[in-house]
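What follows is calculated from the coordinates using simple rules that are stated; it is not laboratory data. Since this is a predicted model, take the numbers as computed values, not measurements. Because the Cβ atoms are built from the backbone with ideal geometry, glycine has one as well, and the counts that use them run over all protein chains shown.
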Amino acid sequence: MSRAFTVQPGSVHTGVAGRLSDLFWRRPKLLLALMLAPPLLWLGIIYVGSLFSLLLQSFFSIDEFSGLIQYEFTLKTYRELLRPANYDIILRTTLMAAAVTLASVVIAFPISYFAARYARGRMKAIFYLGVMLPLWSSYLVKVYAWKLILAKEGILSWFFDSVGLMPVLEAVLALPVIGGNSLSVSYIGTFLVFLYVWLPFMILPIQASLERVPANLLEASGDLGASQGQTFRYVVLPLALPGIVAGSIFTFSLTLGDYIIPQIVGSSRLFIGQAVYAHQGTAGNIPLAAAFAVVPIIIMAFYLWMAKRKGAFDAL
Amino acid sequence: MTVAVEFKKVSRHFGAVKAVDEVDLKIDEGSFFAMLGPSGSGKTTSLRLISGFDQPSAGSIHIFGEACETAPPNRRPVNTVFQDYALFPHLSIRDNVAYGLMVRGVRKNLRHQEADEMLSLVKLDNFGDRKPAQLSGGQRQRVALARALVNKPRVLLLDEPLGALDLKLREQMQEELKALQQRLGITFVFVTHDQTEALSMADKIAVFNAGGIVQIGTPEEVYHRPRTKFVADFVGSSNLVPPQISLDLGGQSCWSSLKPEALTLTKQEGAKVVGTVKSIRYLGATNRVMIQVGETELSALLSNTADHWTRGDFVGLQVKPGALYAMEENT
């Protein structure tokens with residue numbers, strides 16, 4: 001018996017859903033466009049749009065007598081940034097962000113290396129839990145907890161006292177600029193809290209990049225005559241660099257923009273985030289707030305450009 | 001002749017697993033030595049013990065007379081070509097090849113010059129500026145080779161060097177490797193699970209099974225005179241002939257090996273051993289004929305021009321004189 005080729009009953013698409021499905025099958029790009037539209041609209045209008053309007057605001061200025069915004073293109077607000085008081089804020093914040101980033105690379109690298117190279121099964125689960133757990137609790141709770149730890153009569157000074165190392169703590173606090181009355185009102189305190197809060201954002205990208213380095217590359221390096229140090233310098237570090245850069249983007253930009261930590265822990269000198277907060281709020285100086293907000297963007301763009309030029313992304 | 005690598009009662013145990021168990025081994029300088037065996041037989045672990053990526057649980061390893069069980073890889077006069085090449089993805093081909101010279105502090109222009117010479121030796125001139133990702137599998141293989149050879153090792157270790165290449169490329173590389181080894185006169189030690197590769201390239205083959213060496217010999221010895229059933233089966237797809245049939249065919253009364261090409265078929269009448277033709281497979285110039293003899297199945301490789309047999313025929317069996325080899329191990 002010869003059988004004609006027929007479409008099996010029940011497989012013919014009927015109804016709206018069926019016809020839509022057929023349409024998408026014939027025109028796969030249509031489906032892609034539909035799926036991409038919402039995120040692109042979000043990114044394009046709400047995210048980039050507000051960024052653009054921020055940029056625009058920074059080119060306006062404020063009338064010093066009336067306190068009203070003059071909608072005229074001017075660089076006056078940017079000149080204002082260079083006034084010693086404002087310039088100090090930028091410098092202070094950038095230095096803090098750099099110090100926090102550097103320290104978190106130093107602390108995160110061995111942890112990430114261990115997790116990527118040696119931790120298996122249960123150890124790996126413990127690692128992820130250990131790194132992520134602090135992120136589950138409220139940021140404010142953590143910062144206030146640190147205030148208690150760092151306070152004059154706090155846990156840390158109690159600890160230093162009970163092991164007889166109080167003179168060391170006092171010597172550290174006596175350091176000019178970064179020292180202070182107690183850790184909780186010094187730059188060291190601000191630094192420690194920043195370091196604690198952002199550390200997971202450095203550990204995870206570095207760990208991910210190290211995870212992708214095959215073990216036999218390290219063996220090959222040793223086989224070709226490299227010492228452990230040389231293998232680290234010429235193989236591990238270059239291949240981990242994209243992860244380090246990714247992590248430092250987090251720690252650097254998060255520190256540049258934060259306005260809560262320096263308000264709770266530290267000497268009461270302003271950071272960029274606080275300046276933005278103050279200028280757009282009570283002072284009502286939106287143009288200056290916008291100009292301040294542009295600074296981290298420029299710093300990050302410059303940083304990424306430098307990283308690219310130095311070949312940080314060559315291994316990608 | 002100088003001994004390049006020597007194992008004395010070397011063992012490597014991972015917990016209860018005896019990856020390598022009391023292996024004795026001598027590799028002569030300048031030879032092309034193959035470690036052949038199925039996966040998990042201990043051949044790769046043995047290679048890693050020579051390169052220094054792993055340390056023996058017991059026994060001693062000498063490289064050119066020097067005990068080196070505990071020396072790190074960078075202190076041994078050996079270099080390795082890795083199975084998946086292990087090229088550094090962030091370095092150019094030239095810098096990959098020059099790596100060993102760089103870590104020894106050779107000046108940049110000197111080491112680049114040497115790297116280029118080595119690249120030209122493996123026929124990759126003008127590839128120096130590319131990155132490993134831009135090369136094909138066969139080209140990467142050559143880079144891995146150049147990168148190891150630039151250090152002028154006294155022993156070159158190759159871990160399944162051709163495993164990732166397709167058949168045609170593999171055959172071409174086999175010839176090139178052999179030619180390179182003869183030109184440079186370096187001892188090559190390579191690990192493979194491919195018996196034809198071992199047979200065609202090596203001067204000497206060590207057949208590994210279950211953490212030990214079952215037989216060491218020239219390709220001819222290993223192929224024609226397998227010591228155990230395992231070797232007969234793994235190396236040559238030999239027939240394993242039970243004692244009674246072996247005796248009837250003119251051999252000794254013990255398990256013997258018989259190459260398919262040494263078995264011929266005759267008419268049933270007057271033959272001491274008879275069987276039934278079970279299947280015939282056409283292989284071009286030859287036919288592979290399977291014959292059932294009692295419990296045993298034997299395979300014969302017959303020329304296509306010879307007599308025609310069909311399935312179900314009763315046939316007599318004959319072997320060429322001296323083709324039956326008695327094996328030492330009879331289990």
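Some values worked out for this structure:
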item: DSSP-loop trypsin sites (Lys or Arg not before Pro) across the stretch A:238-316, with at most 11 other Cβ within 10 angstrom; result: A:Lys310
item: For chain B, share of DSSP beta bridges that run antiparallel, in % to the nearest 5; result: 70 percent
item: Shape of chain B, Cα gyration tensor, a/c cut at 1.5; result: prolate
item: Relative contact order (percent, whole number), chain B, Cα cutoff 8 Å, 6+ residue spacing; result: 16 percent
item: Taking the stretch A:84-309 and dividing mean pair separation by its residue count, relative contact order in percent (alpha carbons under 8 Å, at least six apart); result: 27 percent
item: For the stretch B:57-165, with +1 on Lys and Arg beta carbons and -1 on Asp and Glu, the positive-most of B:Phe64, B:Gly137, B:Asn126 along the dipole; result: B:Asn126
item: Beta bridge orientation in the protein assembly as shown: antiparallel %, DSSP, nearest 5; result: 75 percent
item: Too-long pairs where the Cα-Cα distance tops 20 Å, listed order kept, from A:Lys310/B:Lys123; B:Lys229/B:Lys259; B:Lys43/B:Lys168; A:Lys124/B:Lys18; result: A:Lys310/B:Lys123; B:Lys43/B:Lys168; A:Lys124/B:Lys18
item: Where chymotrypsin sites (Phe, Trp or Tyr not before Pro) fall in DSSP loop in the stretch A:50-97, at most 13 other Cβ within 10 Å; result: A:Phe65, A:Tyr71, A:Phe73
item: Per-residue [θ]222 nm for the protein assembly as shown (sum of -39500 (n - 2.57) over DSSP H runs n ≥ 4, rounded to 500); result: -15000 deg cm²/dmol
item: Cα gyration tensor shape for the stretch B:251-331, rounded if a/c is under 1.5, else prolate or oblate; result: prolate
item: Peptide-level mean, for B:86-93, of C-beta atoms on other protein chains within 10 Å; result: 6
item: Stokes-Einstein D for chain A, Kirkwood Rh over Cα pairs, 25 °C, 0.890 mPa s (µm²/s); result: 102 µm²/s
item: Cβ-placed point charges (K, R +1; D, E -1), dipole of the stretch B:239-326 about Cα centre in debye, nearest 20; result: 180 debye
item: A:Val141 versus A:Leu165: modelled label distance in nm, points set 7 Å from Cα along the beta carbon direction; result: 2.9 nm
item: Neighbouring partner chain Cβ atoms per residue of B:72-81, average, 10 Å criterion; result: 4
item: Å³ per residue enclosed by the Cα convex hull of the stretch A:185-261; result: 90 Å³
item: Of B:Val289, B:Val222, B:Val191, the one that fluctuates the most in a GNM where chain B has Cα springs shorter than 10 Å; result: B:Val289
item: Cα gyration tensor shape for the protein assembly as shown, rounded if a/c is under 1.5, else prolate or oblate; result: prolate
item: For A:230-243, mean number of other protein chain Cβ atoms within 10 Å; result: 2
item: Order by protection proxy (mean Cβ within 10 Å, highest first), peptides B:150-163, A:154-167, A:137-150; result: B:150-163, A:137-150, A:154-167
item: Cut-off under 5 Å, modelled amide H: who pairs with B:Asp28 long-range; result: B:Ala4
